[in-house]
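These notes are about the structure you will find just below.
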């Protein structure tokens, strides 16, 4: 080994030793955080949250149509109620304030639901959304649909959770 | 040495920005909606169209399909009762297999197997292609104890073909006639 290369090595060693302690490398972390932030921002563009009502699990479907802001009837496994509409499709506070005794039981849908559902005089029939628990029987669903039709809502939209195809 | 010092670049202080991110990200994660609610296209009721029977009798020749959801089979028929014998497609039945599922709360849930939905979709696709390439009207007839999940599953099967093209998009929901096959037996 030549003396010059030894010297160069020694110099390099000295330089390394003299270098001040570096702080944590935060650039990568900030990159991840920034990406995550943008991802979440995009995700929160359409906040149609499922209502947090007890005993309500929406069925899955391939449908990808946006839920419209319109009157909504919710069918849980214990009863039925009408969701308040406040500019957004789902009023976040309504289902949580609903107590069990405020629900319309299945055996009095035909008499009591109509009083909570104001009549519409939209031309060609009004639109209404039905959010049903996935184990609701057709018997109950039919009663709800009939009340809706009697009140002038003849275009029924079923709300679902966007999920994978079944077939 | 002096030369090196002149080149030393002061790094920006990123700690306040990091603090902001650390607060903002958990907040947004908590608020994020991972299961989005969507909607199926509107369904109509037979009562609003003044009864299916009267309109059916006025235009006897047109073919309108009905899919009846019985306990053990999908039954496809012509609403006007015509027999389309040669192909044995209308009327025809597709057996339904169900399975018991347990949900998060431990309750039992009955669902129709995906193979049955797929078979229904395939049969309807064939009929649609052969007899009624422009039709979009279909009736879904259900028994009282059919559950909502099965209705949605059937609607999905009926609405689009495998490639995502429209099949039968305007759906009417009504009651199923009594099941002749099961009439004498267990019911």
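FYI, it's all coordinate maths here, none of it is from the lab. What you see is a predicted model, and the numbers here were worked out from it, not measured in a lab. Note that we place each Cβ from the backbone using ideal geometry, even for glycine, and neighbour counts take in every protein chain shown.
Pulled fully out, how much extra length does the chain show between residue A:9 and residue A:122, if you take 0.36 nm times their separation in residues and subtract their Cα-Cα distance?
31.9 nm
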Quick calc, residue A:165 & residue B:132: beta-carbon distance into FRET formula, R0 22 Å, rounding 0.05, result 0.40
Between residue A:65 and residue A:115, the two model label points (7 Å from Cα along the beta-carbon direction) sit apart by a distance in nm of 3.3
Partner shielding of B:111-118, as the mean number of partner chain Cβ atoms within 10 Å, equals 2
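If I stretch the segment between residue B:110 and residue B:181 completely, what's the gain in nm (0.36 nm per residue apart, minus their alpha carbon distance), one decimal? Please list the in-between numbers first.
Values: separation 71, 0.36 × 71 = 25.56 nm, distance 2.18 nm.
Extra length available between residue B:110 and residue B:181 comes to 23.4 nm.
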Here, residue B:169 and residue B:80, labelled 7 Å along Cα→Cβ, have an inter-label distance in nm of 2.4
Taking every residue of B:151-161, the Cβ atoms of other protein chains inside 10 Å of its Cβ average out to 5
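Shielding by partners for B:11-24, please: the mean number of other protein chain Cβ atoms within 10 Å of each residue's Cβ.
On the way: counts 3, 0, 0, 5, 1, 0, 4, 4, 0, 2, 7, 2, 0, 5.
Across B:11-24, the average partner-chain Cβ count within 10 Å equals 2.
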Here, residue B:17 and residue A:108, labelled 7 Å along Cα→Cβ, have an inter-label distance in nm of 6.2
Taking R0 as 25 Å and r as the Cβ-Cβ distance between residue B:24 and residue B:101, the FRET efficiency 1/(1 + (r/R0)^6), rounded to the nearest 0.05, comes to 0.05
